[in-house]
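The structure under discussion appears below in the form of structure tokens.
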Amino acid sequence: MAAKRPVFAFVIVLAIASVGLSALSASGGGKKWKKILDGAKISLVEAIQKAEQETGGRAIEAEIEMVGGKVIMEVVVVKGKTNPQLLEVEVNGETGDIIKIEEEDDDDDDDDDDD
């Protein structure tokens, strides 16, 4: 009986994924992602690897977006253990080139009080 559980779980995951894709398509989000993915020549994983190599840090967050008609991958990297720095690395999704590296603002609540 244990052999049937993985198949059943896979069917549930497949059904959830199908519903999610249908909702994405219905909301018009599918066209946006198709355009982004068509423009990307490197994967998000490759952008993360590039950002880690360039900074010597470890990625903790990554996203892909279209900015001004270009695919941009943003990777947030933590560098250093004793005095950790948050760095935001922008990678050109079409060429894999690093666009810029800047220190990430650690202030989450946008109220200008550094917490």
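Observations on the structure shown:
- Residue pairs, from the table Lys50/Lys81; Lys31/Lys100; Lys41/Lys79; Lys70/Lys100; Lys50/Lys70, whose Cα atoms sit over 25 Å apart: Lys31/Lys100; Lys41/Lys79
- Cα gyration tensor, the range 41-115 - rounded (a/c under 1.5), prolate or oblate: oblate
- Listed peptides 60-72, 40-52 by packing density, highest first (mean Cβ within 10 Å): 40-52, 60-72
- As a calculated quantity, the FRET efficiency between Asn83 and Glu54 at R0 = 25 Å, using C-beta atoms, amounts to about 0.80.
Taken together, the values in this text are just the output of simple stated rules run on the coordinates, not laboratory data. Given the structure is predicted, the values throughout are model-derived calculations rather than measurements. FYI the Cβ positions are ideal-geometry reconstructions off the backbone, even for glycines, and counts take in every protein chain you see.
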